[in-house]
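Just below is one structure, and these are the notes that go with it.
The values are calculated or read from the model by the stated rules, or taken from the named source; none is laboratory data. Keep in mind it's a predicted model, so treat the numbers as computed, not measured. Cβ atoms come from the backbone with ideal geometry, glycine included; neighbour counts cover every protein chain shown. To get the accessible areas, we keep the full protein, side chains included, count just its heavy atoms, and leave off ligands, DNA and RNA. Shrake-Rupley method; radii C 1.70, N 1.55, O 1.52, S 1.80 Å.
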Amino acid sequence: MEQLTLIGPLNQVIPMTGMPIKGAVSDSQLRIIENAGILFADGLIKTIDSYKKLATEVKDLNVKLIQLEGNHICLPGFVDSHTHICFGGSRARDYAMRNAGKTYLEIAEEGGGIWDTVQQTRKATKKELIKGIIKRAKQHLRNGVTTIEVKSGYGLTVKEELKMLQAIKEADEQFPLDFVSTCLAAHMLPRDFNGNSSEYLSEISEQLFPVLKKEKLSNRVDAFIEKGAFNKSEIEPYLSKAAEMGFDITIHADQFSVGGSEVAVKFNAVSADHLEASTSNEIELLAKSEVISTALPGASLGLGCSFTPAREILDAGGALAIASDHNPGSAPMGDLLTQSAILGTMQKLTNAEVLAGITFRAAAALKLQDRGKLEAGYLADFNLFHTANFNEVLYNQGAFKPCIVYKKGKLIYNKHNS
Ligand SMILES: [Zn+2]
């Protein structure tokens with residue numbers, strides 16, 4: 001057995017336990033453990049209790065003590081359940097053009113848009129992609145993110161999608177965060193594909209899906225359902241094939257027009273992400289299902305669009321996760337804390353709802369049941385912030401970052417040393 005470690009004293013530990021997976025939550029539902037210590041071993045939490053009590057209990061045992069000085073609060077490691085951080089190039093030109101009033105179509109005609117990133121990503125070597133992923137993952141780590149989902153979707157051929165997914169797998173092996181990879185070959189119909197959308201999608205499902213299974217590159221399939229991407233009738237056979245093969249399904253849904261969330265519910269997807277255009281019909285449908293609704297405020301901020309109706313989703317009884325959507329086109333910021341806090345302000349979410357959206361509810365969107373909460377048996381993934389009151393974290397709208405991050409019981413970030 002690995003050595004037991006006790007860390008403390010912590011002014012407050014917010015374990016995120018005892019809260020429902022779905023629906024609105026009030027701040028009074030947040031448990032707060034005061035003057036606490038966390039005892040962990042083998043990467044897992046053993047106990048969270050009064051620091052004094054734990055320190056006395058372990059006095060004669062061979063326990064490593066990490067004694068903190070000053071005020072600290074502790075939150076679970078954050079889970080960012082939707083990103084596109086594997087890419088080549090930059091789309092700074094798109095940003096300038098969009099803000100100068102150019103339309104999506106005009107930007108695409110002048111060489112911008114997703115297709116631009118596809119070309120830059122195809123040009124990049126796997127090694128260059130890994131370097132880019134790790135550089136961006138470091139930024140997420142400084143925000144307290146300890147688990148991050150990463151999509152492919154800028155390769156758009158069997159070979160290039162494989163290159164991306166292999167890069168994500170190798171980044172996971174090289175960097176202490178957990179990376180969850182998702183195949184987004186159904187991002188758009190590649191312009192150089194000789195055939196229609198259905199032909200492209202069957203080629204991907206026939207030639208790429210079996211390799212993903214065999215090489216354990218991904219267990220998740222994502223699709224962009226939108227005008228200009230894929231429609232319902234094109235995507236359904238593709239998703240049926242994915243479901244048959246045992247992939248978890250997630251959908252880019254209702255970003256500019258509705259339709260995607262209905263498909264997500266029909267296919268029992270783990271999550272439907274975006275939902276900026278969802279109306280009360282879609283919100284109702286999602287709330288009645290087990291599908292997690294994921295808001296991506298970074299995309300709203302990047303595009304200058306309205307936010308996902310997070311308040312309505314929660315009030316209807318839906319499960320709300322919040323993710324960064326970090327990508328080169330619409331969401332280059334990649335700052336989950338800032339974006340979640342802003343969504344909270346704009347949509348009038350309680351701190352409990354925002355924190356749930358980036359911890360256990362986001363973990364559920366990735367089907368991970370071992371993280372997003374702090375209690376015995378869960379991963380020792382946690383963030384310490386230099387304050388006596390956890391409400392300071394969201395109040396500072398992302399300007400206040402964790403000082404210390406633990407991943408599976410190992411110190412992986414210390415602000416004072418970096
Ligand atoms: Zn996305």
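Before moving on, here are some points about what is shown:
- Based on Cα contacts under 8 Å between residues 6+ apart, the stretch 256-322 shows a relative contact order of 33 percent.
- Relative to the longest principal axis of the Cα atoms of the chain, the long axis of helix 197-207 makes an angle of roughly 60 degrees.
- Solvent exposure of the chain, expressed per residue, is 40 Å² of accessible area, with all protein chains present and a 1.4 angstrom probe.
- Listed by chain and number, the lysines whose C-alpha is less than 20 Å from the C-alpha of Lys102, apart from same-chain residues fewer than 8 away, are Lys227.
- If you sort Asp116, Asp370 by accessible surface, 1.4 Å probe, largest first, the order is Asp370, Asp116.
- Förster-model FRET efficiency, 30 Å R0, Asn231 and Cys305, C-beta, rounded to 0.05: 0.90
- Kirkwood Rh and Cα Rg combined as Rg/Rh, the stretch 112-242: 0.97
- Percent breakdown of C-alpha pair distances by 10 Å bin, ordered from the shortest bin, for the chain: 5, 23, 32, 24, 12, 4, 1, 0
- Per-residue surface analysis assigns Phe193 an accessible area of about 50 Å², computed on protein heavy atoms at 1.4 Å probe radius.
- Label-point gap, in nm, between Ser240 and Leu105 - each point 7 angstrom along Cα→Cβ: 3.3
- The mean of 1/r over all distinct Cα pairs in the stretch 343-418, once inverted, gives the Kirkwood hydrodynamic radius of 13.7 Å.
- Here the stretch 62-169 exposes an accessible surface that is 52 percent carbon and sulfur, computed with a 1.4 Å probe and the other protein chains kept in place.
- Spatial separation of Cα centroids for the stretch 162-202 and the stretch 47-121, in angstrom: 20
- Each residue of the stretch 265-277 was assigned a 3J(HN,Hα) from its phi angle through the Karplus expression (A = 6.51, B = -1.76, C = 1.60, θ = phi - 60°), giving 5, 4, 8, 6, 4, 5, 8, 10, 10, 4, 6, 4, 9 Hz with x at Gly and Pro.
- Accessible-area value, His416, 1.4 Å probe, nucleic acids and ligands omitted, Å²: 120
- The residues Phe256, Phe390, sorted by heavy-atom accessible surface at 1.4 Å with ligands and nucleic acids left out, run Phe256, Phe390 from largest to smallest.
- What you get for the stretch 120-210, charging only the Cβ of Lys and Arg (+1) and of Asp and Glu (-1), is a dipole of about 600 debye around the Cα centre.
- Helix 336-347 and the long axis of the chain differ in direction by around 80°, with both axes built from C-alpha atoms.
- Candidates Asp60, Asp273, Asp254: whichever shows maximal mean-square fluctuation once the chain is modelled as a Gaussian network with Cα springs under 10 Å: Asp60
- In straight-distance terms, cross-link reach from Lys373 covers every one of the lysines whose alpha-carbon lies under 24 Å from its own, apart from those fewer than eight places away in the same chain; here that gives Lys22, Lys46, Lys52, Lys53, Lys64, Lys138, Lys348, Lys401, Lys407, Lys408, Lys410, Lys415.
- DSSP-assigned coil residues among trypsin sites (Lys or Arg not before Pro) in the stretch 195-272, each with at most 12 further Cβ atoms within 10 Å: Lys216, Lys227
- Here the Karplus relation 6.51 cos²θ - 1.76 cosθ + 1.60, evaluated at θ = phi - 60°, turns the backbone of the stretch 380-394 into coupling constants of 7, 9, 8, 10, 10, 10, 7, 7, 8, 10, 4, 5, 4, 5, 6 Hz, with x for every Gly and Pro.
- Measuring with a 1.4 angstrom probe and ignoring ligands and nucleic acids, Asp335 comes out at about 30 Å² accessible.
- 0 to 90° range, to nearest 10: angle between helix 158-174 axis and the chain longest Cα axis: 10
- With a Förster radius of 45 Å applied to the C-beta separation of Lys59 and Gln369, the computed FRET efficiency comes to 0.85.
- Convex hull volume per residue for the stretch 1-66, taking Cα atoms only, in Å³: 89
- Potential extension, Lys159-Arg31 segment - 0.36 nm per residue separation minus Cα distance: 41.2 nm
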